[in-house]
1. Can you pull the semi-axes for the stretch 127-236, root of five times each eigenvalue of the Cα gyration tensor, sorted largest first, whole Å?
2. Over the Cα atoms of the stretch 235-374, what Rg and Dmax result, in angstrom?
3. How much length, in nm to one decimal, is gained on full extension between N190 and K92, taken as 0.36 nm per residue of separation minus their Cα-Cα distance?
4. Compute the relative contact order of the chain as a whole-number percentage, counting only Cα pairs closer than 8 Å that sit 6 or more residues apart in sequence.
5. At 37 °C and 0.692 mPa s, grab the translational diffusion coefficient of the stretch 40-83 from Stokes-Einstein with a Kirkwood Rh over Cα pairs, rounded to a whole number in µm² per second.
6. Can you tell me how much longer the chain between L265 and Q336 gets when fully stretched, taken as 0.36 nm per residue apart minus their C-alpha distance, in nm with one decimal?
7. Which value in deg cm²/dmol, rounded to the nearest 500, describes the helix-derived mean residue ellipticity at 222 nm for the chain, given -39,500 (n - 2.57) per DSSP H run of n ≥ 4 and division by the residue count?
8. How far, in degrees from 0 to 90, does helix 2-47 lean away from the longest principal axis of the Cα atoms of the chain, to the nearest 10?
Amino acid sequence: MNTNTNRTTLLIIIIIILISSSIIIGLLFLKKDSSPKEIENNYLTKATNTTKDDLTILIKDYYYQNNLLDEENLLNWQINNITYIGYNEENKTYNYQVEGSYKCQDNTNSCIYLSQELTTEPNYLVYLEVTIDNQEYQIKTISQTKPDNLIEEEKELQPNVEFHQQLSSLIKEYFQENSLIDSSKLDYWNILDIEYFKKDNDTTIYYATTNYHCQDDSDTCLYNEQSNEPKEDKSYDFNFYLNINSSSQITSISNNFFTPQEEFLPKEELIKLTKDYFNNNYLTTPDNLLLWNISNVTYIGYYPNNIDQKIIKLSGEYQCQDNSSDCLYLEQIGEQNPNNTYPFNIYITLNNNEIINIFSSLTGDIVTFNEPIN
């Protein structure tokens with residue numbers, strides 16, 4: 001009896017040892033199997049541990065450094081969305097889809113290099129292959145072909161909200177300090193986006209897209225060189241470039257990044273040329289003309305199909321002896337001011353400092369610069 005009992009006890013012990021060993025071996029296998037999954041989960045964390053702004057800087061600097069754009073023909077270029085789409089184990093790269101838009105001065109698509117021209121929106125769609133080493137992101141390739149063999153994940157990169165708020169405050173302070181805003185007439189001014197454009201020595205250039213509304217539905221509560229048409233809600237879009245120095249101060253703003261070196265007559269000579277044109281072509285009634293002040297002269301741009309003729313805008317006010325509007329011929333006349341003057345706004349086309357024609361308004365696509373002539 002004792003022998004059978006001992007055998008039974010030994011058998012039970014052996015069974016318990018076998019079961020325990022199986023459990024331990026199983027747990028070890030599970031631990032090994034979990035390691036790759038943890039690594040895969042880290043791809044997303046590592047790839048999105050940056051902002052849309054940081055990758056935008058990488059992209060645009062890459063284009064400048066590799067001569068992939070025609071700076072003098074580039075009007076604007078915006079990156080709208082950057083989305084992480086997956087990891088390539090073979091190349092050890094993180095891949096992103098980038099959507100945006102750009103516009104060239106000559107209305108072609110040639111100012112930014114793309115191997116395949118896109119005819120639909122967005123007209124800038126590329127894929128980045130990026131390496132990440134010690135939190136340093138570097139572009140390996142930019143392609144218009146979506147990569148294969150990815151461990152696919154998807155997450156859109158977010159902008160640096162705090163940095164955008166800081167730049168927005170700088171912009172509004174700059175306009176206040178330089179008397180470029182009439183706060184008493186301003187209803188609202190929304191700064192929608194501020195995007196890196198390029199680095200130029202100690203200056204960083206950004207492109208801002210904004211929208212504002214004046215209480216009287218005009219566009220005069222905010223200084224804007226560019227002549228825009230109002231939107232349906234009577235607000236105005238106002239987009240501009242701003243230069244920020246190494247001390248984080250705005251040094252200038254401009255409607256255009258690249259200003260062509262056009263050789264125009266000085267402001268006063270262009271005013272004289274315009275007045276002579278009106279007088280010589282019987283577009284004035286001298287005996288009835290009491291006052292004629294032209295205060296602003298602006299180089300607007302040119303039509304793409306007629307690059308030799310430059311469009312100049314002249315604006316100011318005039319007054320007739322009889323308080324009518326008939327002493328100057330204008331196709332379109334604005335409402336009379338309280339001081340009995342009328343607004344004077346015309347466009348002239350200029351070729352070799354000779355007036356070709358005059359207009360009260362412009363139509364069609366124009367390569368615009370909107371630069372004041374002094």
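The values are calculated or read from the model by the stated rules, or taken from the named source; none is laboratory data. Since the structure is predicted, the reported quantities are computational estimates derived from the model, not experimental observations. For neighbour counting, all protein chains shown are included, and Cβ atoms are generated from backbone atoms with ideal geometry for every residue, glycine included. Keep in mind that these areas ignore ligands, DNA and RNA; they rest on the heavy atoms of the full protein, side chains included. Shrake-Rupley method; radii C 1.70, N 1.55, O 1.52, S 1.80 Å.
1. Computed over the stretch 127-236, the values are 38, 18, 13 Å.
2. Every Cα atom of the stretch 235-374 included, Rg and Dmax give 17.2, 58 Å.
3. Roughly 31.1 nm would be gained on extension.
4. Here the relative contact order equals 11 percent.
5. So the translational diffusion coefficient is about 266 µm²/s.
6. Length difference between fully extended and current span is 22.5 nm.
7. Roughly -8500 deg cm²/dmol at 222 nm, from the helical runs in the chain.
8. Around 10 degrees separate the two axes.
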